[in-house]
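Asks: A single structure is presented below for examination.
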Amino acid sequence: MTTDTAEKAPTPATESHGRSWTGLGWGFLVKLLLMMVVNAFGVSAIMSAWNAEAWVILGALVVFLVVADWVYFSKRMLPLKYIYPGLVFLLVFQVFAMGYTAYVATTNYGAGHNGSKQQAVEAALIQAEREVPGSPSYPLAVVRDGDTLGFAITEDGTVEVGTADQPLEAVDGGKADDSGRPTEVPGWEIVPRGDLLSDQALAKEVTDLRVPVSEDANDGSLRTREGSTAKVYKSSMVWDPAADTLTDTESGVVYTPNDRGTFVGDDGSTLATGWYVSIGADNFVTAVTNPDYAKPLLRVAAWTFAFAFLTVATSFLLGLLFAIVFNDDRVKGKKILRTLFILPYAFPAFLTALLWQGMLNPEFGVINKWFFFGADINWLGDPWLARFSVLAVNLWLSYPYWFLICTGALQSLSGETTEAAKIDGAGRWRQFRSITFPLLMVSTAPLAISSFAFNFNNFTIIYMLTGGGPNFDDTSVPLGATDILITAIYQISGVQGGRADYGLAAALSIVVFVVVGIVSGLAFRQTKKLEEF
Amino acid sequence: MRNKIGMAAVVATSVALLAACSSGTSSDESSMTSSPAASDTSSAIDASGAKLTIWTDENRQPAIEAAAKTFEAETGATVELVVKNFDDIRSDFLAQVPTGEGPDITIGAHDWLGAFVEGGVVNTVDLGTNADKFSSVAVQAMSYNGQVYGMPYSTEAVALIQNTDLVGEDAPATFDDMIQKGVDSGVKYPFCINVNGEVGDGYTMYPLQTSFGAPVFVQDASGSYTTEVGMGGANGEAFAKWLGENGEKGKGYISTTIDYATANELFNSGKCAYTVAGPWALSSYTDVNFKVNPVPSAGGETAAPFVGVQGFYVSSQSANALLANEFLTNYIATPEAMQALYDADPRLPAFEGVDTSTAPFPDAIAGFQASAEQGVPMPNIPQMGSVWDYWNAAESKIIKGADPVKTWDKMITDLTAALQG
């Protein structure tokens, strides 16, 4: 449509369709419309960021939007017009994620350290406030006098009122209903229940209000949770913001914050809830030097390399073999056969892993029953057999990928070079070794490297098939013979059991990222040599 | 001229688009704030505009929805139910409450409590006027350091399930008695228990372990768990030996070839006389007649399974704490709401007086309840999260024929070290 009109009304060569005002100007209008949509979404996103008070996101959105408008309405930014959307995605999904992981790696964020210090103080106060044993449940009326809130209850038939500063005191002339809830308190206005439920600020004031039951603080204070009943509670913890300490009034222990995000008492005890703080490179130091992990991690690393390399090698060779066989003109029904070959690739990997886990069951699995005459071969229970099984299942999963790639690459090879070799008297093997294979490697080697990087972190197959087991007998950490680095990280950092140490996990992932990066970088250098053929 | 029409069209479209975007947010808000239904109480309480966010899983959604409807009608407040995958709630709650993005109330399992307290994400709750109607084991499970942090509503525990056509209805007196009956019935597998394949499953095996007097963690006088590992020593070793004797290299009653699906399949096809499973497995037993009994003792003491409790937690960062507590104490802790929760998703109720005869397997529910009564709460201390990997792996190794005492003692040593480190 756009090109049609543009052709009818030829424009000067220097002006693009997007700026064209000659003729109908559809090119410009379409761009304007698209940019309006972009701006509309951008502005609404900025508004929701404003409402959510997410200032960093708001700032980033504003920058992205302004730059977008500038790029697409400016005359000069031609290359950016093409790469800007890609750049935004790169920043949002790659750079941000990596930066955030790096940031988490320098903190102790994880179990017991997952909020701010203020929240840790609140938690300590919540945990220290206990119901006084045997406290009755008083039907409660929340009362106010101007801005002062108070609680009214009946004790032994008389209505009593108190505020935060004024302990409970009997008032004359108060009335209560049958349940004992005061209905009339002279000098005080009873706050309607609807107000309590609908006014968030008032509700918070009420739940935070503590009315001492007597002059003696040890008797405790009235407290309500839902605004209609009150019980006597006593807190044993006092927060002193000026001194930055929590004091246990019962034991007299004073808790001070340490630089690891924990309150430590002067008797050496610690409070349950901490907060997250920056701990610099400590996670990296732990990751590399902890003796409990160092040795098993070396074994795991060795197996990770073996696993990734062998997976790529075996699946590449098998895929290549099938590709060559099914590329031969004499094979009939190639299309159907090729489709069938691709099937394993189309199944979700985690389902396949579960399925194979069942098939490899020594007693009930079909593998032993059909192929090994019911022999009791414990495929996933013996360290070496388990490693073999993992490789075999992963081969089954990934050879179709290489079959596809190699088929495509083979079909794009020109027949002339092979023809020439044939005339020169080269045999089939010689043709394959000296011509087909090197030419094939030029296009497949980069894919082999990416496949290596993928399998280096192939969490799914390990986790779903063996869970990393069978466990090592001679280590003190629960790591197993088929654990690769990424499943070991999952295990060590406690994400598995729910006691996650995300800081350590992030640090370990970065170490693995560096290893994979170096290996891939070196490998890519090698592939450049292939292109010189 | 045509150019101008085009321009006008563009301007009109963009204005309409912007309007649609901005009105989108406001119409969302107004639709969420449903007007209070015309009932007598609504005139007294009008909390329109207040909004409560509750996390639930798919199974419990209809039940909580029913309670929420009454609540909405009587108070005018709005309840927003967010349906999540149950297993994700734990980590999401821990991660999101500190950021202020979490819910006011969430459904959850009691063994998450220690981590929640450590993370500072839960508030204490009051069970209200019906406090004495809650099962004491459930309240104890929802308590931490003597404070109640969750409102329990259901319990669950594994029990012995027996094929009545093969071995009758009588509960076996001991493990050996059970095996004998199973063998006499002539089936290939007198007893099958899920050990989760090579991974090992200390949870399902736990009643048999406690019958040797080897609890995971030692309980103090009040019933709270300490962080002292209790399954070491002579009792633990006796259990390990027993496990080895009945394992693959011994009598073969317990085998790592059995996982959850296999155990259910064997039992349902009548190839297995007894199995140990929880109420969640009942729907797999469509082809057999069965009865549920407490797990028999293998080591002489009571076979106490882990009792799991599910309930409601209130976020420590909730801006609507009063409303959330109002909802829990007056709209969940009532016989009607508890009944509705049970009808929507039959789990063993933790509230007295719930009529369980409506369940698909009323007799089975009674059996599970009997089993839960002799059970112990699963530890809710955060240290429990570190136990599973060591514990399961050691059991799996012993079942496969490793030296029981050596393997078990090494596990205790490693575990104790891991808990201290």
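Asks: Collect the residues in the stretch A:221-245 that are without any contact (Cβ under 8 Å) to a residue 24 or more places away in the chain and within 14 Å of chain B (Cβ to nearest Cβ), keeping them in residue-number order.
Replies: A:ARG225, A:GLU226
Asks: Given the structure, is B:GLY353 surrounded by fewer than 21 Cβ atoms within 10 Å (Cβ to Cβ), within 14 Å of another protein chain (Cβ to nearest Cβ) and touching a residue at least 12 places away in the same chain (Cβ under 8 Å)?
Replies: It is false that B:GLY353 is surrounded by fewer than 21 Cβ atoms within 10 Å (Cβ to Cβ), within 14 Å of another protein chain (Cβ to nearest Cβ) and touching a residue at least 12 places away in the same chain (Cβ under 8 Å).
Asks: When the stretch A:183-210 is examined, which residues are found to be in a loop (DSSP other than H, G, I, E, B), more than 13 Å from chain B (Cβ to nearest Cβ) and open to solvent by 20 Å² or more (accessible area, probe 1.4 Å)?
Replies: A:PRO186, A:GLY187, A:TRP188, A:ARG210
Asks: Restricting the search to the stretch B:125-156, which residues are farther than 13 Å from B:ALA333 by Cβ and free of Cβ contacts under 8 Å to residues at least 60 places away in the same chain?
Replies: Correct list: B:SER136, B:GLN147.
Asks: Follow-up. Within the group B:SER269, B:SER315, B:SER283, B:SER224, which residue is within 14 Å of another protein chain (Cβ to nearest Cβ), at negative phi and at pLDDT below 90?
Replies: Sole residue among the options that is within 14 Å of another protein chain (Cβ to nearest Cβ), at negative phi and at pLDDT below 90: B:SER224.
Asks: For A:LEU354, indicate whether it is open to solvent by 30 Å² or more (accessible area, probe 1.4 Å), in a helix (DSSP H, G or I) and in contact (Cβ under 8 Å) with a residue 40 or more places away in the chain.
Replies: yes
Asks: Determine, yes or no, whether B:ALA417 is small (Gly, Ala, Ser) and touching a Ser or Thr at 6+ places or on another chain (Cβ under 6 Å).
Replies: Criteria not met by B:ALA417.
Asks: Now for a separate question. Go through (1) more than 14 Å from every other protein chain (Cβ to nearest Cβ); (2) open to solvent by less than 40 Å² (accessible area, probe 1.4 Å) for A:LYS332 and report which single condition fails.
Replies: The number of the failed condition is (2).
Asks: Among the residues in the stretch A:509-524, are any part of a loop (DSSP other than H, G, I, E, B), modelled with pLDDT of 80 or more and open to solvent by 20 Å² or more (accessible area, probe 1.4 Å)?
Replies: There is no residue in the stretch A:509-524 that is part of a loop (DSSP other than H, G, I, E, B), modelled with pLDDT of 80 or more and open to solvent by 20 Å² or more (accessible area, probe 1.4 Å).
Asks: Could I ask something else about it? Are any residues in the stretch B:135-150 crowded, with 24+ Cβ neighbours inside 10 Å and outside any loop (DSSP other than H, G, I, E, B), and if so, which ones?
Replies: Across the stretch B:135-150, the qualifying residues are B:ALA138, B:ALA141, B:TYR144, B:GLY150.
Asks: What residue, among those in the stretch B:215-249 that are free of Cβ contacts under 8 Å to residues at least 40 places away in the same chain and of a type in the set (Gly, Ala, Ser), is farthest from B:ASP414 (Cα to Cα)?
Replies: In this case the residue turns out to be B:ALA221.
Asks: Here's something else I'd like to know. Only residues that are more than 10 Å from chain B (Cβ to nearest Cβ) and touching a residue at least 60 places away in the same chain (Cβ under 8 Å): list them for the stretch A:126-138, please.
Replies: Matches in the stretch A:126-138: A:VAL132, A:SER135, A:PRO136, A:TYR138.
Asks: Does the stretch B:181-194 contain any residue that is surrounded by fewer than 20 Cβ atoms within 10 Å (Cβ to Cβ) and under 22 Å from B:LEU348 (Cα atoms)?
Replies: Within the stretch B:181-194, not a single residue is surrounded by fewer than 20 Cβ atoms within 10 Å (Cβ to Cβ) and under 22 Å from B:LEU348 (Cα atoms).
Asks: I'm told B:SER91 meets every condition in (1) at pLDDT 50 or above; (2) within 11 Å of another protein chain (Cβ to nearest Cβ); (3) open to solvent by less than 50 Å² (accessible area, probe 1.4 Å) except one. Can you identify the failing condition by its number?
Replies: (3)
Asks: Still on this model: For residues that are away from chain B (no Cβ under 14 Å) and loosely packed, with under 15 Cβ neighbours inside 10 Å, scanning just the stretch A:268-288, find the one that is farthest from A:ASN457 (Cα to Cα).
Replies: A:GLY268
Asks: Another question about this same structure. Here are the criteria: (1) free of Cβ contacts under 8 Å to residues at least 40 places away in the same chain; (2) surrounded by 20 or more Cβ atoms within 10 Å (Cβ to Cβ). Tell me which single one A:ALA97 does not satisfy.
Replies: (2)
Asks: Tell me, which residue of the stretch A:147-178 that is of a type in the set (Gly, Ala, Ser) and either within 18 Å of A:PRO192 (Cα to Cα) or surrounded by 13 or more Cβ atoms within 10 Å (Cβ to Cβ) (or both) is nearest to the chain's Cα centre (by Cα)?
Replies: This residue is A:ALA164.
Asks: Check the stretch A:413-420 and report whether any residue there is surrounded by fewer than 17 Cβ atoms within 10 Å (Cβ to Cβ), touching a residue at least 24 places away in the same chain (Cβ under 8 Å) and of a type outside the set (Asp, Glu).
Replies: Looking through the stretch A:413-420, at least one residue is surrounded by fewer than 17 Cβ atoms within 10 Å (Cβ to Cβ), touching a residue at least 24 places away in the same chain (Cβ under 8 Å) and of a type outside the set (Asp, Glu).
Asks: Looking only at the stretch B:360-410, which residues are assigned to a helix (DSSP H, G or I), within 9 Å of chain A (Cβ to nearest Cβ), of a type in the set (A, V, I, L, M) and more than 19 Å from B:ASP111 (Cα to Cα)?
Replies: B:ALA393, B:ALA394
Asks: Quick one: in the stretch B:70-88, which of the residues that are within 13 Å of another protein chain (Cβ to nearest Cβ) and not in a loop (DSSP other than H, G, I, E, B) is modelled with the highest pLDDT?
Replies: The residue in question is B:VAL79.
Asks: For B:SER31, work out the one condition from (1) modelled with pLDDT of 85 or more; (2) assigned to a helix (DSSP H, G or I); (3) open to solvent by 70 Å² or more (accessible area, probe 1.4 Å); (4) of a type outside the set (Asp, Glu) it doesn't fulfil.
Replies: For B:SER31, the failing item is (1).
Asks: For the stretch A:443-486, which positions are closer than 17 Å to A:TRP356 by Cβ, open to solvent by less than 10 Å² (accessible area, probe 1.4 Å) and in a helix (DSSP H, G or I)?
Replies: Once the filter is applied, which keeps residues that are closer than 17 Å to A:TRP356 by Cβ, open to solvent by less than 10 Å² (accessible area, probe 1.4 Å) and in a helix (DSSP H, G or I), the stretch A:443-486 yields A:ASN455, A:ILE461, A:ILE462, A:LEU465.
Asks: Let me ask another. Have a look at A:LEU343, A:LEU321 and point out the one that is assigned to a helix (DSSP H, G or I), without any contact (Cβ under 8 Å) to a residue 12 or more places away in the chain and over 18 Å from A:THR482 (Cα atoms).
Replies: Residue meeting the stated conditions: A:LEU321.
Asks: Please specify each residue of the stretch A:491-501 satisfying the condition of being crowded, with 21+ Cβ neighbours inside 10 Å and either more than 9 Å from every other protein chain (Cβ to nearest Cβ) or β-branched (Val, Ile, Thr) (or both).
Replies: A:ILE492, A:SER493, A:ASP501
Asks: May I ask you to list the residues in the stretch A:357-399 that are in contact with a helix residue (DSSP H, G or I) (Cβ under 8 Å, 6 or more places away or on another chain), away from chain B (no Cβ under 14 Å) and either open to solvent by 40 Å² or more (accessible area, probe 1.4 Å) or closer than 28 Å to B:GLY252 by Cβ (or both)?
Replies: A:VAL393, A:LEU395, A:TRP396
Asks: Within the bounds of the stretch B:319-326, is there any residue that is surrounded by fewer than 23 Cβ atoms within 10 Å (Cβ to Cβ), part of a loop (DSSP other than H, G, I, E, B) and assigned by TED's automatic domain parsing to the domain that holds B:ASP111?
Replies: Yes, some residue in the stretch B:319-326 is surrounded by fewer than 23 Cβ atoms within 10 Å (Cβ to Cβ), part of a loop (DSSP other than H, G, I, E, B) and assigned by TED's automatic domain parsing to the domain that holds B:ASP111.
Asks: On to the next question. Do the conditions hold for A:TYR490, that is, is it touching a strand residue (DSSP E or B) at 6+ places or on another chain (Cβ under 8 Å) and within 20 Å of A:ALA105 (Cβ to Cβ)?
Replies: No, not satisfied.
The values are calculated or read from the model by the stated rules, or taken from the named source; none is laboratory data. Keep in mind that what you see is a predicted model, and the values were worked out from it rather than measured. Note that we place each Cβ from the backbone using ideal geometry, even for glycine, and neighbour counts take in every protein chain shown. The accessibility values were calculated without ligands, DNA or RNA, using every heavy atom of the protein model including side chains. Shrake-Rupley method; radii C 1.70, N 1.55, O 1.52, S 1.80 Å.
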